[in-house]
Amino acid sequence: MVYCGFVKCTRSHNAAMWARKLGYAHVYRFPGGLFSWKGADFLLEEVK
């Protein structure tokens, strides 16, 4: 699962395309960005 920090960002789209080109089969892009991800109550993990 890849997503950007905001709605108009294109990095998640590019990352998903590269992952598919590298052979990953189960690649998903969340188009709403990080704020929509949080708004949908999906889990987040913090890296320390």
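The values are calculated or read from the model by the stated rules, or taken from the named source; none is laboratory data. For clarity, every value in this text was computed on a predicted model and none was experimentally measured. Glycine gets a Cβ as well: all are built from the backbone with ideal geometry, and neighbour counts include every protein chain shown.
If we scan the range 34-43, do we find a residue that is assigned to a helix (DSSP H, G or I) and aliphatic (A, V, I, L, M)? Looking for residues that are assigned to a helix (DSSP H, G or I) and aliphatic (A, V, I, L, M), one finds at least one in the range 34-43, hence yes. Inside the range 5-22, residues that are in a helix (DSSP H, G or I) and either touching a residue at least 60 places away in the same chain (Cβ under 8 Å) or over 9 Å from the mean Cα position of the chain (by Cα) (or both) make up a count of 6.
Among all residues of the range 11-23, there is at least one that is of a type outside the set (Val, Ile, Thr) and in contact with a Gly (Cβ under 9 Å, 6 or more places away or on another chain). For residue 40, the requirement of being under 12 Å from the mean Cα position of the chain (by Cα), hydrophobic (A, V, I, L, M, F, W, C) and at pLDDT 85 or above is not met. Answer yes or no as to whether residue 26 is assigned to a helix (DSSP H, G or I) and either of a type in the set (D, E, K, R) or modelled with pLDDT of 80 or more (or both). So residue 26 fails the test. With the structure loaded, tell me whether residue 25 is surrounded by 15 or more Cβ atoms within 10 Å (Cβ to Cβ) and more than 11 Å from the chain's Cα centre (by Cα) or whether it fails that test. In short, no.
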